[in-house]
Structure formats: structure tokens, C-alpha cells
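This report concerns only the one structure given below.
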Amino acid sequence: MKKVLAAALICVASSFAAWDYFPVIEYGKGEAKFSFEQGRQANASAPGEDHDFKIRYSPLENLELLSQLGYTFGARFQIIPVISAGVDIGFPIPGTAWSFTPNVQFSTNLTEALAVGTNVQVTINTEDANKDSDGMDLSAGIEFDLTMGKSTVWVSCDFNTGLTVSKHDGKAADGAKVKDEGRGVEIVPTLGYVAAVGNLSLGTSVGWKIAEDEKVATVIGLDASIKF
């Protein structure tokens, strides 16, 4: 478990304000976003880094299509004004394993300036050519956005856990028989700020990855998005 949690600490924090937690974009609109994150544990010899690029577009009313780094594609549909649902499909590039992530979001405006959004998703990873698999993961999160003019301050908290153990050559990562048990719990509170200038938005964030039996990792993020 410790090895899995340690590896998770240098992965991308996956906290993007007003992207996955809120309603789909308007028909005929699009958005592209690039983000960079750097994380460090106490006494770590070197920081972990990650970057991400996403693009989304609405070809039909209440429908949003998404691509992430060219090998994950997804779609979300706005069922009613406060609820949307979708699925992301991760293609086996690189590697030979697929992933399927169904998700559902609830969001609403609490006041004219304050909005809340929530997300729940399950990621199902298939076995690769070596019979390795990351198993099945559960993620849930909540985010509050306070918008004041062209500025948005947001705070979120994400919860991640493994529903099944990861496998190596068809066995659990520790060599034992595969059991249907979790891989540990990770909680990620994050605080961020976004400034909009026309159709361009610039953001920064700081988050803390808290995993059982591990030191807290601090993650600093920067992102830029453009709407078209």
C-alpha cells in the first residue's frame, strides 16, 4: 500500500476550477487549458512534476466533448440544470491498457457570487499486455467558487481511493494473491485563484495531498485557458 500511495503523491492533483465540477459549456463554445503542477514531500530529494492539456467543445445543446493529451476522450451531457453525467475513455497510448471513467456532477449557485459543484467518478482500468492493472479507483470532490468581477477564488477537497488492489503479472503488487480490497485513502484540499482577461484565464493553486502512513505532499499549480 505504501508504494502505491507514494507514487500517487507525485501525480497530477486534478483540481481545475470551473472545468469538471460545473455545467457543460454553451452550445458552439469551446475551451483549451494547459496546466503545470509541481509537488514535494518533506525531505524529498527532488520534486515531482506533471503537466496536462485539455480541450473541450459543445457541438450540440447540453453536450460537451473533451480530449486530454490526445489519448483520453470523453463526453458529458447536461441532464437537468443542476446535474450532468458523462464518461471518459482512456486509449492505450502509451501502453496497452484501457480505462473507462463514468462520472456524475451536481452544481448550483448558492448566491449570485458563490457556486458549488460536486463530482463522483469511478475509473476502471483494464489489464495491459503483461497482465498488469491499476484496478478500479473511486474519486469524489466538492468545490466552492467565489466570483468577484473578473476574479474567482475557489476552494476544493478531493477524495481518492482504490477499490481493488493493483496487479503485477496478474498478482497483487506485493506478490500476494489478488484480493478485492482498497489501496488506501488520499484527501486533497486545494485553494486557488483565477483571473480572467477577455477570453483568457490565468490561475494558480496550492494543494496538500494527505495519504495514510505517508508524509503530506504540497502541490503548487499554474494553469492558463482560452475560450473560443
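The values are calculated or read from the model by the stated rules, or taken from the named source; none is laboratory data. What you see is a predicted model; the values in this text were computed from it and never measured. Because the Cβ atoms are built from the backbone with ideal geometry, glycine has one as well, and the counts that use them run over all protein chains shown. All accessible areas refer to the heavy atoms of the entire protein, side chains included, with ligands and DNA or RNA removed. Shrake-Rupley method; radii C 1.70, N 1.55, O 1.52, S 1.80 Å.
When Ile80 is tested against (1) closer than 29 Å to Thr147 by Cα; (2) in contact with a strand residue (DSSP E or B) (Cβ under 9 Å, 6 or more places away or on another chain); (3) of a type in the set (A, V, I, L, M), exactly one condition is not met: (2).
Please verify whether Glu26 is open to solvent by 60 Å² or more (accessible area, probe 1.4 Å), over 19 Å from the mean Cα position of the chain (by Cα) and either under 27 Å from Phe144 (Cα atoms) or at pLDDT below 90 (or both), treating the condition exactly as stated. For Glu26, the condition - open to solvent by 60 Å² or more (accessible area, probe 1.4 Å), over 19 Å from the mean Cα position of the chain (by Cα) and either under 27 Å from Phe144 (Cα atoms) or at pLDDT below 90 (or both) - is met. Scan region 142-150 and tell me whether some residue there is in a strand (DSSP E or B), open to solvent by less than 50 Å² (accessible area, probe 1.4 Å) and modelled with pLDDT of 95 or more. Within region 142-150 (the criterion being in a strand (DSSP E or B), open to solvent by less than 50 Å² (accessible area, probe 1.4 Å) and modelled with pLDDT of 95 or more), the answer is yes, since at least one residue qualifies. Of everything in region 204-222 that's open to solvent by 70 Å² or more (accessible area, probe 1.4 Å) and in a strand (DSSP E or B), which residue is nearest to Phe159 (Cα to Cα)? For region 204-222, the residue satisfying everything is Ile210. I need the full set of residues from region 112-141 which are open to solvent by less than 40 Å² (accessible area, probe 1.4 Å) and over 16 Å from the mean Cα position of the chain (by Cα), in order please. Hits for region 112-141 are Ala113, Ala115, Val116, Asp132, Ser133, Gly135. Take the residues in region 166-195 that are touching a Leu at 6+ places or on another chain (Cβ under 8 Å) and surrounded by 14 or more Cβ atoms within 10 Å (Cβ to Cβ), then tell me which one is modelled with the lowest pLDDT. Looking at residues that are touching a Leu at 6+ places or on another chain (Cβ under 8 Å) and surrounded by 14 or more Cβ atoms within 10 Å (Cβ to Cβ), I get Gly182.
Identify all residues within region 41-81 that are open to solvent by less than 50 Å² (accessible area, probe 1.4 Å), among the acidic types (Asp, Glu) and at pLDDT 95 or above; write none if there are none. Glu64, the sole residue that qualifies. Any chance region 116-124 includes a residue that's under 27 Å from Gly162 (Cβ atoms), of a type in the set (S, T, N, Q), out of contact with any helix residue (DSSP H, G or I) (no Cβ under 8 Å at 6 or more places or on another chain) and not in a strand (DSSP E or B)? Checked against the condition, which is being under 27 Å from Gly162 (Cβ atoms), of a type in the set (S, T, N, Q), out of contact with any helix residue (DSSP H, G or I) (no Cβ under 8 Å at 6 or more places or on another chain) and not in a strand (DSSP E or B), region 116-124 yields no hits at all.
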